[in-house]
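Notes to accompany the following structure.
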Amino acid sequence: MVELPAIGVRLHGGVDPRACIELAEIAEASGLASVWFAENPFQRGVLPAASACAAMTRKLRIGLGIVNVYSHHPTLIAMEFAALDELAAGRAVLGVGSGIGRLVERMGFKWQPLASMGDAIQILRGLLAGEEVSYRGRVFAVERARLSCALPRPNPPIYMAAMGDRSLALCGQLADGLIVSNLCPPRYTEHAVAIFRHAAAKAGRAAPAVVQYVPCVALPDREAARRAAMAQIGEMMATFWPADDTWPVLRETIVELSGIPRAAFVAALHRLRGGETVEAVLDDRFIDAFAIAGTAEDCLARAANYRTAGVDELALTFAGAEPAAQIEYLGTALSEFGR
């Protein structure tokens, strides 16, 4: 029988907090597993919306994914997460990351992704275990720090966003879960999972869980769904991909494993940034590599591919109009799956 990952919803600082509450309630009523909140510098902070969703739901996991360690010192992350997990009665999940380098540097920091994550997780681990922590790292330090509040549960899992090979290895060594970002095809996910599981085994640790973010459009009209997904992918490519043609190794690996020739990917980026429409530039290869789109049955079939790649939970960014209706539509198909 086909196996599916858990299905959740990805929300973010670009979504009105009231809309987040509505979508979280609909996700819970539709049988979905979680809502995850992605935060980037200069958007809305996600803690108010995450807290409101925790208060308005009863079963849904409330994921912070990710909290940027430069915007929130590790001690502040521990304080805020402890309060959120108490409000959620143990349903909160903590995900941390080093953020987007160019945005972190606008805040006046030198971006050191590996060092910052290593320091942050070491500090968080002790604080969330109720311990007194003294630690001096390259980026963060604390001296005799301890949370004064009672923790709702000891040693909650800490997830880490990671993409490059060294970051994935660090995740395996230190974290309890991996968060894979948008614009990562299933073959890249297989590559990433192999690296961090190997690092975890080498460190004598259990294999961490895997959460992946994927754009999704679920509609009864397959072609309309794919057009909406294509628009979302085009926007993400133009916004988040490096502006020049000299990419870090990580980006080269993603393109190589997407099945799209590098020359075609470069040409698509130039044309999108030159003002051409998404419909004129992208084709089905980009949807198949980077999104889940189509009817609800199509979407569940694609979700199964991610489960095969090693993903335990998908957090779907519902693109296009009426995300609430899409969540309900996909939830109905999920409830009937396997009958």
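Between 209, 225, 200, which is farther than 30 Å from residue 30 by Cα and either small (Gly, Ala, Ser) or out of contact with any strand residue (DSSP E or B) (no Cβ under 9 Å at 6 or more places or on another chain) (or both)? Even if it seems obvious, please write down each step before you answer.
On the way: 209 fails: farther than 30 Å from residue 30 by Cα; 225 fails: farther than 30 Å from residue 30 by Cα.
200 is the lone residue from the list that is farther than 30 Å from residue 30 by Cα and either small (Gly, Ala, Ser) or out of contact with any strand residue (DSSP E or B) (no Cβ under 9 Å at 6 or more places or on another chain) (or both).
Which pairs do you get when a residue that is farther than 19 Å from residue 71 by Cβ, found in segment 120-138, comes within reach of a residue that is part of a loop (DSSP other than H, G, I, E, B) and among the basic types (Lys, Arg), reach meaning Cβ atoms under 8 angstrom, with the pair 6+ apart or on two chains?
Once the first residue is farther than 19 Å from residue 71 by Cβ and sits in segment 120-138, its partners that are part of a loop (DSSP other than H, G, I, E, B) and among the basic types (Lys, Arg) give 130/146; 131/146; 132/146; 133/146.
Give the residue, chosen from 28, 22, 80, that is within 22 Å of residue 158 (Cβ to Cβ) and either among the acidic types (Asp, Glu) or touching a helix residue (DSSP H, G or I) at 6+ places or on another chain (Cβ under 6 Å) (or both). Write out each step before concluding.
Values: 28 fails: within 22 Å of residue 158 (Cβ to Cβ); 22 fails: within 22 Å of residue 158 (Cβ to Cβ).
Answer to the selection: 80.
Looking at 87, 11, which is the one that is out of contact with any Gly (no Cβ under 8 Å at 6 or more places or on another chain) and within 30 Å of residue 145 (Cβ to Cβ)?
Details: 11 fails: within 30 Å of residue 145 (Cβ to Cβ).
Just one listed residue meets the conditions, 87.
Do you know which of the residues in segment 136-149 that are in contact with a helix residue (DSSP H, G or I) (Cβ under 8 Å, 6 or more places away or on another chain) and farther than 18 Å from residue 113 by Cα is surrounded by the fewest Cβ atoms within 10 Å (Cβ to Cβ)?
Here the residue is 149.
For every residue, the table says whether it meets (1) aliphatic (A, V, I, L, M); (2) at pLDDT below 95.
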| site | (1), (2) |
| --- | --- |
| 136 | no, no |
| 147 | yes, no |
| 167 | no, no |
| 186 | no, no |
| 195 | yes, no |
| 198 | no, no |
| 208 | no, yes |
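Within segment 230-321, which helices (runs of 4 or more DSSP H) (wholly inside it) include 1 or more residues that are within 19 Å of the chain's Cα centre (by Cα)?
Values: elements: 249-258, 262-273, 278-281, 284-290, 296-308.
Filter on segment 230-321 gives 249-258, 284-290, 296-308.
Are any of the residues in segment 200-213 assigned to a helix (DSSP H, G or I), crowded, with 21+ Cβ neighbours inside 10 Å and in contact with a helix residue (DSSP H, G or I) (Cβ under 9 Å, 6 or more places away or on another chain)?
Keep residues of segment 200-213 that are assigned to a helix (DSSP H, G or I), which gives 200-202.
Going one step further and asking which of them are crowded, with 21+ Cβ neighbours inside 10 Å, we end up with 200.
When the remaining residues are screened for being in contact with a helix residue (DSSP H, G or I) (Cβ under 9 Å, 6 or more places away or on another chain), the result is 200.
Within segment 200-213, one or more residues are assigned to a helix (DSSP H, G or I), crowded, with 21+ Cβ neighbours inside 10 Å and in contact with a helix residue (DSSP H, G or I) (Cβ under 9 Å, 6 or more places away or on another chain).
Say we look at segment 151-166 and pick out the residues that are within 17 Å of residue 114 (Cβ to Cβ) and in contact with a strand residue (DSSP E or B) (Cβ under 8 Å, 6 or more places away or on another chain); which of these is surrounded by the most Cβ atoms within 10 Å (Cβ to Cβ)? Reasoning before the result, please.
Keep residues of segment 151-166 that are within 17 Å of residue 114 (Cβ to Cβ), which gives 158-166.
Among the residues that remain, those that are also in contact with a strand residue (DSSP E or B) (Cβ under 8 Å, 6 or more places away or on another chain) are: 158-163.
Working: 158: 21, 159: 25, 160: 28, 161: 26, 162: 26, 163: 22.
In this case the residue turns out to be 160.
Quick one: what pairs do we get from segment 292-311, first residue closer than 13 Å to residue 224 by Cβ, second of a type in the set (A, V, I, L, M, F, W, C) and assigned to a helix (DSSP H, G or I), C-beta under 6 Å, 6+ apart or different chains?
Going by the 6 Å Cβ cut-off, the qualifying pairs are 293/225; 293/229; 293/287; 294/225.
Could you tell me which numbered condition residue 197 fails, if it satisfies all but one of (1) out of contact with any helix residue (DSSP H, G or I) (no Cβ under 6 Å at 6 or more places or on another chain); (2) part of a strand (DSSP E or B)?
In the conditions (1) out of contact with any helix residue (DSSP H, G or I) (no Cβ under 6 Å at 6 or more places or on another chain); (2) part of a strand (DSSP E or B), residue 197 misses (2) alone.
Which number in (1) crowded, with 18+ Cβ neighbours inside 10 Å; (2) touching a Lys or Arg at 6+ places or on another chain (Cβ under 7 Å); (3) not acidic (Asp, Glu) marks the one condition that residue 272 misses?
(2)
When both residues are 6+ apart or on different chains and their Cβ atoms are under 9 Å apart, which pairs have a first residue that lies in segment 224-252 and is farther than 16 Å from residue 278 by Cα, and a second that is polar (S, T, N, Q) and part of a helix (DSSP H, G or I)?
Here the result reads 250/167, each pair linking segment 224-252 to a residue that is polar (S, T, N, Q) and part of a helix (DSSP H, G or I).
The values are calculated or read from the model by the stated rules, or taken from the named source; none is laboratory data. Computed from a predicted structure; not experimentally measured. Cβ: placed from backbone, ideal geometry, glycine included. Neighbour counts: every protein chain shown.
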